[in-house]
Amino acid sequence: MNEEEQLLTLTLGRLRGLTQHMALDLIRHYGSATAVFSHAAGLEEKARTALQDHGDALQRAREELEFCARKGIRVLCLADADYPQRLRECPDPPLALFLCGAAGLNVRHMVAVVGTRRITEYGKDLCRHFCEDLARLVPDAVVVSGLAYGVDIHAHRAALANGLPTVAVLAHGLDRIYPTLHRDTACQMLAQGGLVTEYFTGTRPDKGNFVRRNRIVAGLADATVVVESAERGGALITARLAQDYNREIFAFPGRASDPYSAGCNALIRDNVAALVTSAEDLACALRWADRRQPREAVQHELFPTLSPEEEKICGLLSGKDSLSVNQLAIAANLPVHVVSASLFELELKGCVKELVGGRFRLQG
């Protein structure tokens, strides 16, 4: 796309008195921001007045393009061939996107993975196993999320660990990373995915921006997967947006008593989301993979070179959600210090995993 179109698109989005909806309608009607400015004299009064007083917006757009040029950030405008086609089809796409990283946004397979910021161990396992299976079944899939605490960051990290490209949609400009604790992951994503936003530099991560960015998360992807969610939350907003965009929605079920599965269970109950238990379910539903294809046989050694005490502890944990050290000591009729030492060895062997509160379970 030529620099003039980029400049005028960014300018159009910054004009006082012109809403984003109005600017979008103008570009869709005339085909480009350049054409909108060319027809300024024939526009209705409110739009004509906004375009006439465009000096400040034009200067701010120039500054943004200069920043992008210095930092190697791609600017994707609505009329650009590289603008994500899935998002362009939505009723409310951004006029422009700022993209940093190696990712393409028009790849064949894109899936959004969203959920609560208060992720549980169950949710962490779902993210890990989902991305492991997705990498095996659909190795070119791109995982989209929002870099937030909880499900978002675990989805990004699981994707990176399994060689899947992953894209974070930010609720602020590309001159910062929020939350700052996720900076290292964001830097890794530049080589194996990317960061994308509709916001100019200097934009703070205000609450309303997160709600607006959810539409980009939903719009970029073929499908949205909700891993864990309470009865209310941003993940459910994203799912409803995906429904409005006629995209597929999937949710992992949870126990009826789990507060952070209540939203997922409700989506499934209300026929908003299809129930999935693995990436294979999603891949087959979207026809990304054939369930009838033979899967590689994987040999798992259940108890690799375990002592009698370790075997007893593994046997007690089998079929249980988790047990504490004291519970294991009582059930195994062993001293607490012996159980603690055995659990340490089992962790090193990859047989058990310590949970919050000093509880343990078999490693899945």
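A few points about this structure:
- Residue list for segment 55-100, restricted to those being closer than 11 Å to LEU10 by Cβ and touching a Gly at 6+ places or on another chain (Cβ under 7 Å): LEU95, ALA96
- Conditions (1) of a type in the set (A, V, I, L, M, F, W, C); (2) buried (at least 24 other Cβ atoms within 10 Å of the Cβ); (3) within 12 Å of the chain's Cα centre (by Cα); number of the one not met by ALA171: (3)
- Selected residue (only one of ARG117, ARG16 is surrounded by fewer than 21 Cβ atoms within 10 Å (Cβ to Cβ), in contact (Cβ under 8 Å) with a residue 24 or more places away in the chain and within 30 Å of ALA230 (Cβ to Cβ)): ARG117
- Checked against (1) closer than 16 Å to ILE216 by Cβ; (2) in contact with a helix residue (DSSP H, G or I) (Cβ under 7 Å, 6 or more places away or on another chain); (3) among the hydroxyl-bearing types (Ser, Thr, Tyr), TYR83 passes all but a single condition, namely (2).
- Comparison of THR180, THR201, THR238, THR197 shows that the only residue that is farther than 25 Å from LEU282 by Cβ and buried (at least 22 other Cβ atoms within 10 Å of the Cβ) is THR197.
- Test: GLY115 is modelled with pLDDT of 95 or more and more than 20 Å from ALA33 (Cα to Cα): yes
- Filtered residues of segment 257-271 (kept if over 18 Å from GLU121 (Cβ atoms) and either touching a His at 6+ places or on another chain (Cβ under 6 Å) or hydrophobic (A, V, I, L, M, F, W, C) (or both)): ALA266, LEU267, ILE268
- Among residues of segment 241-256, those that are buried (at least 19 other Cβ atoms within 10 Å of the Cβ), farther than 17 Å from LYS124 by Cβ and in contact with a Leu (Cβ under 8 Å, 6 or more places away or on another chain), counted: 2
- Residues that are hydrophobic (A, V, I, L, M, F, W, C) and under 24 Å from PHE67 (Cβ atoms), drawn from segment 159-181: VAL167, ALA168, VAL169, LEU170, ALA171, LEU174, ILE177
- For segment 298-337, filtering for residues that are at pLDDT below 85, more than 15 Å from ARG361 (Cα to Cα) and loosely packed, with under 15 Cβ neighbours inside 10 Å leaves 10.
- Residue within segment 104-112 that is touching a helix residue (DSSP H, G or I) at 6+ places or on another chain (Cβ under 7 Å), of a type in the set (Gly, Ala, Ser) and closer than 30 Å to PHE250 by Cα present: yes
Quick grid of which residues meet (1) farther than 29 Å from CYS187 by Cβ; (2) loosely packed, with under 15 Cβ neighbours inside 10 Å:
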{"residue": "ILE27", "(1), (2)": "yes, no"}
{"residue": "PHE37", "(1), (2)": "yes, no"}
{"residue": "GLU44", "(1), (2)": "yes, yes"}
{"residue": "PHE67", "(1), (2)": "no, no"}
{"residue": "GLU89", "(1), (2)": "yes, yes"}
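- Search result, residues across segment 204-227 that are over 13 Å from LEU241 (Cα atoms) and touching a Phe, Trp or Tyr at 6+ places or on another chain (Cβ under 8 Å): PRO205, ASN209, VAL227
- Under the condition of being hydroxyl-bearing (Ser, Thr, Tyr), assigned to a helix (DSSP H, G or I) and touching a residue at least 24 places away in the same chain (Cβ under 8 Å), the residues counted in segment 19-35 number 1.
- Pairs linking a residue in segment 320-342 that is in contact (Cβ under 8 Å) with a residue 40 or more places away in the chain to a residue that is outside any loop (DSSP other than H, G, I, E, B) and charged (D, E, K, R), with Cβ atoms under 9 Å and 6 or more positions apart or on different chains, are LYS320/ARG361; ASP321/ARG359; ASP321/ARG361.
The values are calculated or read from the model by the stated rules, or taken from the named source; none is laboratory data. As the structure is a prediction and not an experimental result, all values here were calculated from the model. All Cβ positions, even for glycine, are placed from backbone atoms using ideal geometry, and neighbour counts span all protein chains on display.
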